[in-house]
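Data first, discussion second: the structure below is written as structure tokens.
The values are calculated or read from the model by the stated rules, or taken from the named source; none is laboratory data. Given the structure is predicted, the values throughout are model-derived calculations rather than measurements. Using ideal geometry, Cβ is built from the backbone for each residue, glycine included, and neighbour counts are taken over all protein chains shown.
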Amino acid sequence: MLACPTAPDLFDLVESARHRHRAAVDGDHQAALGQFFTPPATALRMAAMFRLCGPVVRVLDPGAGVGALTAALVATLAARDVPPARIELTAVETDPVLLPELHATLRACADVCAERGIACAWRVAYEDFVAQGVASLDGSLFAGGAAAQYDAVITNPPYRKVGARSAERRALDRLGVPVTNLYAAFVAVAVRLLAPGGELVAITPRSWCNGTYFRAFREALLERVSLEQFHVYGSRTAAFADDAVLTENVIYHVARRPQGPTVHVSESEGPLAPTTRAEAVPFERVVRPGDAQRFIHLSAGDAERNVADQIASLPATLAALGLRVSTGRVVDFRARAWLRARPTPGAHPLVYPAHCGRGHVRWPNDGGKKANALAGDAPADLLVPSGYYVLTRRFSSKEERRRVVATVFDPRHVPGEKVGFENHLNYFHAAGRSLDPAVAYGLAAYLNSEPVDRYFRQFSGHTQVNATDLRALRYPTLASLRALGHAAGEGAPGDADRLLGAVFAGADVPGGGVHGADAAA
């Protein structure tokens, strides 16, 4: 008869299974399923977050893979001075290739429990978690009741898009949570399966903390559970280094109980790195009162909180300034018939992110791969009147020193009566028309400032800069922007950090000059 495995043996078994699967399956298979396996250090950190107590613990692991998270939680519970009397395990997985390894892991978990005198029941469910979860919540169970049956959910859900017409999307629409990524779908369903007092710990990309696409998800989460803990990985590569995943990840612990006054926030560079900060943050600093978007702010320490307070104290919203921000109208693959590599008579300038640099638009870009113009007969709805606009890239590269990179489109440097902005740009405008030149330069200086960058990173954990995020910022007054624009002139964006100090302090910004601004101001 084989001896019962110890907890270290259990981790060796899971790690061996993880490496065997990675070696045997190509990357396309994993990508199609959004499949990224949890390393042991991350799994143990997640398991340690649970505060479960009681004689029976019912565990759900949706998207279980080879069972690393279940194994970590079983080992953690079994090592307690007073372990549960009984652990019930349910692991859900849709990849048939993983099922033998997952069965082996759960059998080993049961053996570890037996060694500690803990009764253990387990099952592997080969099914679509979202579809089956929504079905179990349907009808009379839709609002909760008997369908809420798990004390602990631990998950590293799949990371891939949810198609607008997919079965998953239809199921989620029934829940009233039209999310765009499968990881959010898993969490949205899982929190509805928690028993009263039940807890969920998940590791996902941090992108759900902000943006329009995840607003319904954030609202649904905050309506049903309390925010207990967050752990942020500073490195975008460390959490799933074996799979070369490039995204900012966050581990979060929520519970089906009333929200407490504080949320515990910690950070490390990666799974094996030491914790660099750990603090109890007032809930109203994590989810700011009156924020219709319900952004999740994970600020670090007093210095970052001071930055957040500075931004929050600014007097204006974008709408109150009479300004707007929109995404560029030109989707190049749809406008292919009108794209031109070089400007020709009658053509309109076309601006891509590649044209933006050092604070100004450099056009045309003769050495680039992107088009420089739209044909003269391009549809009018692809164009805006030429004028002063502030452009920000919707996707910043990992090499960028700043998350928000603002560029002034100055019509004196780009000839033409109309201009097209490509869809990977956001553009600030005044009801579809030109900004005041001084306001444009002042707005760019503000957006390029260090305080804005530091604030933006507190709630945005990815490289996307959404128009919604820019609308959610607070702004100086028009008078302050205009004064800042005069002072900043056409200098380097870095000069704004010095000039913005006066704005944040509520003082006047010393005057300067923007060529041509006075006549239009």
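Data overview
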quantity: Tabulated pairs, segment 307-318, first under 13 Å from Ala472 (Cα atoms), second at pLDDT below 80 and of a type in the set (Gly, Ala, Ser), C-beta under 8 angstrom, 6+ apart or interchain; calculated: Ala308/Ser299
quantity: Leading residue by the ranking (modelled with the lowest pLDDT) among those in segment 29-63 that are assigned to a helix (DSSP H, G or I) and in contact with a Leu (Cβ under 7 Å, 6 or more places away or on another chain); calculated: Ala41
quantity: In segment 274-292, residue nearest to Glu228 (Cα to Cα) [restricted to those that are in a loop (DSSP other than H, G, I, E, B) and outside the structural domain of Arg218 (by TED's automatic domain parsing)]; calculated: Val287
quantity: Qualifying positions in segment 334-359 - assigned to a strand (DSSP E or B) and of a type in the set (A, V, I, L, M, F, W, C); calculated: Leu339, Leu350, Val351, Cys356
quantity: Test: residue in segment 154-172 that is over 26 Å from Ala43 (Cα atoms), touching a residue at least 12 places away in the same chain (Cβ under 8 Å) and of a type in the set (Lys, Arg); calculated: no
quantity: Single unsatisfied condition, Tyr252 versus (1) closer than 26 Å to Ala47 by Cβ; (2) surrounded by fewer than 18 Cβ atoms within 10 Å (Cβ to Cβ); (3) at pLDDT 85 or above; (4) of a type in the set (Ser, Thr, Tyr); calculated: (2)
quantity: All positions within segment 42-56 that are touching a residue at least 40 places away in the same chain (Cβ under 8 Å) and within 19 Å of Ala119 (Cα to Cα); calculated: Leu52, Gly54, Val56
quantity: Residues located in segment 204-228, provided they are modelled with pLDDT of 95 or more and buried (at least 21 other Cβ atoms within 10 Å of the Cβ); calculated: Val225, Leu227, Glu228
quantity: Those strands (runs of 3 or more DSSP E) lying entirely in segment 85-155 with at least 1 residues at pLDDT 90 or above, surrounded by 15 or more Cβ atoms within 10 Å (Cβ to Cβ) and under 28 Å from the mean Cα position of the chain (by Cα); calculated: 86-92, 150-155
quantity: Sole residue being farther than 17 Å from Ala104 by Cβ, under 21 Å from the mean Cα position of the chain (by Cα) and not hydroxyl-bearing (Ser, Thr, Tyr), chosen from Arg80, Arg45, Arg51; calculated: Arg45
quantity: Enumerated strands (runs of 3 or more DSSP E) restricted to segment 401-444, each holding at least 3 residues that are under 29 Å from the mean Cα position of the chain (by Cα); calculated: 406-409, 425-429
quantity: All positions within segment 156-176 that are surrounded by fewer than 23 Cβ atoms within 10 Å (Cβ to Cβ) and either among the hydrophobic types (A, V, I, L, M, F, W, C) or outside the structural domain of Asp61 (by TED's automatic domain parsing) (or both); calculated: Val162, Ala164, Ala167, Ala171, Leu175
quantity: Count of residues meeting criterion [touching a Pro at 6+ places or on another chain (Cβ under 9 Å) and surrounded by fewer than 21 Cβ atoms within 10 Å (Cβ to Cβ)] in segment 342-360; calculated: 3
quantity: Residue list for segment 384-394, filter: assigned to a strand (DSSP E or B) and within 16 Å of Pro415 (Cβ to Cβ); calculated: Val384, Pro385, Tyr389
quantity: Exclusive hit being at pLDDT 90 or above and part of a helix (DSSP H, G or I), set Asp381, Asp302, Asp377, Asp309; calculated: Asp381
quantity: Condition check for Gly367: at pLDDT 90 or above, in the same structural domain as Asp469 (by TED's automatic domain parsing), surrounded by fewer than 18 Cβ atoms within 10 Å (Cβ to Cβ) and part of a loop (DSSP other than H, G, I, E, B); calculated: no
quantity: The lone exception for Val153 - which of (1) closer than 15 Å to Phe217 by Cα; (2) in contact with a Pro (Cβ under 9 Å, 6 or more places away or on another chain) it fails; calculated: (1)
quantity: Residue satisfying all of: in segment 274-296; touching a Ser or Thr at 6+ places or on another chain (Cβ under 8 Å) and surrounded by 14 or more Cβ atoms within 10 Å (Cβ to Cβ); farthest from Ala220 (Cα to Cα) among these; calculated: Glu279
